[in-house]
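In what follows, a single structure is set out as structure tokens and then discussed.
The values are calculated or read from the model by the stated rules, or taken from the named source; none is laboratory data. Note that the structure is predicted; figures quoted are calculated from it, not measured. Cβ placement follows ideal geometry from the backbone for every residue including glycine, while neighbour counts extend to all protein chains displayed.
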Amino acid sequence: MTCRTVNLRFLDSGLGFAILFFSYIFACVASAGFIAWDMMISNGPLHYLSRNNGKKLAYRLREGVDSFPTLVFFGGYRSDMTGTKAAFLDHFCAQHTYRFLRFDYSGHGASDGDFRDGCIGDWAQDALDVIKATVKGDMILIGSSMGGWIGLLVAKALGSRIKGFIGIAAAPDFTHHVWHHEMTDPQRALCKQQGYITTPDGDTLTLKLLQEGEQHLIFNRPLPLTCPIILLQGKLDNIVPYQTAQKLATHITSPTPPEVILINDGDHRLARDEDLELLSSHVERILKNTTPEIL
């Protein structure tokens, strides 16, 4: 495992950690050099993948050079493909003619389904279904928070087609941690009784999600991958401790040691302008190292 620590700064000194979540999103959009309003709304056509269960999955595919790996973004819990990082990556890929796939899990964003019916296995299958329908060649996977967990499951399933993996505050096995280490006995009893529990932040965690996640745990079995792995992690993350990235890096076996990039002043979202610039630099590095025709 390679571990490096970097210092990043806020571009706008008025932005601080006390700003509320949604206010922070709009402040970043207003002040960031990379993210502009037209980028946020000019997303290209919205496509739907029809499946045998009758529920459609929404996705956007930006076309690019076919011989380059397709970048695939996996969003976090209750996130959708219009988020800051997904929009930034779409803009980045448009500038460099890279193919880029982003999508909404069932019950998220523009996709069909009830959010409460979903679980890790379902959402991983959503990802595999969209990829199967849209991507023929190699890929670089980028997963944010829960998307890091799902991205790792997809990377394991698709093997040598994956040419790189980047985790952004990746949260593998978070359901196990919540159930066994964060919930109290009364909370577990309530969850079993009513089928869900509401967190202090207003998120809904269903019993199905918490129990089904046990079938897809990362840390309880070997995780051999064949591609370069970079884990971006904020040291001020109050949702996923930065030690999780370090633990994950030592757990994965790969031809080259996974690299952990610790951002001293980074939070869970890692969506500031400088965080996004760091992300794009590592995407570019993997692309150049794995694709000879990219100069």
Taking first residues from region 52-67 that are under 21 Å from Pro292 (Cβ atoms) and second residues anywhere that are assigned to a loop (DSSP other than H, G, I, E, B), the pairs with Cβ under 6 Å that are 6 or more apart or on different chains are Gly64/Thr97; Gly64/Tyr98; Gly64/Arg99; Val65/Thr97
Restricting region 195-228 to residues that are small (Gly, Ala, Ser) and either at pLDDT 95 or above or assigned to a helix (DSSP H, G or I) (or both), the one surrounded by the most Cβ atoms within 10 Å (Cβ to Cβ) turns out to be Gly213
Taking region 163-173 and keeping only residues that are within 17 Å of His251 (Cβ to Cβ) and either in contact with a Ser or Thr (Cβ under 6 Å, 6 or more places away or on another chain) or not charged (D, E, K, R) (or both), one is left with Phe165, Ile166, Gly167, Ala169, Ala170, Ala171, Pro172
task: Would you be able to say whether some residue in region 235-246 is buried (at least 17 other Cβ atoms within 10 Å of the Cβ), among the charged types (D, E, K, R) and farther than 15 Å from Leu152 by Cα?
output: yes
Here the residues within region 239-273 that are closer than 17 Å to Gly147 by Cα and of a type outside the set (A, V, I, L, M, F, W, C) are Pro241, Tyr242, Thr244, Asp267, His268, Arg269
A careful count of residues in region 111-129 that are part of a helix (DSSP H, G or I) and among the small types (Gly, Ala, Ser) gives 3
All-but-one check, Arg269 against (1) closer than 18 Å to Gly164 by Cβ; (2) touching a residue at least 40 places away in the same chain (Cβ under 8 Å), failing number (1)
Selection from region 113-128 of residues crowded, with 17+ Cβ neighbours inside 10 Å and more than 27 Å from Ala245 (Cα to Cα) yields Gly113
Discussion item. So for region 160-179 (the condition being surrounded by fewer than 17 Cβ atoms within 10 Å (Cβ to Cβ) and either of a type in the set (A, V, I, L, M, F, W, C) or closer than 27 Å to Gly234 by Cα (or both)), does at least one residue qualify?
Written reply: no
Exactly one of Asp203, Asp185, Asp237 is touching an Asp or Glu at 6+ places or on another chain (Cβ under 7 Å) and charged (D, E, K, R), and that residue is Asp237
Practice task
For Leu20, state whether it is in contact with a helix residue (DSSP H, G or I) (Cβ under 8 Å, 6 or more places away or on another chain) and either at negative phi or modelled with pLDDT of 95 or more (or both).
Solution key: no
Looking across region 84-110 at residues that are over 17 Å from the mean Cα position of the chain (by Cα) and not in a helix (DSSP H, G or I), the single one that is surrounded by the fewest Cβ atoms within 10 Å (Cβ to Cβ) is Thr97
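Each row is one residue, and each column tells you yes or no for (1) in contact (Cβ under 8 Å) with a residue 60 or more places away in the chain; (2) more than 16 Å from Gly213 (Cα to Cα); (3) in contact with a Lys or Arg (Cβ under 7 Å, 6 or more places away or on another chain).
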| site | (1), (2), (3) |
| --- | --- |
| Asp90 | no, yes, yes |
| Arg102 | no, yes, yes |
| Tyr105 | no, no, no |
| Gly118 | yes, no, no |
| Val130 | yes, yes, no |
| Gly148 | yes, no, no |
Taking region 266-295 and the residues there that are touching a Lys or Arg at 6+ places or on another chain (Cβ under 7 Å) and part of a loop (DSSP other than H, G, I, E, B), the one that is surrounded by the most Cβ atoms within 10 Å (Cβ to Cβ) would be Gly266
Exercise for review: Check whether at least one residue in region 250-258 is closer than 27 Å to Glu182 by Cβ, hydrophobic (A, V, I, L, M, F, W, C) and either at pLDDT 95 or above or surrounded by fewer than 16 Cβ atoms within 10 Å (Cβ to Cβ) (or both), and report yes or no.
Suggested key: yes
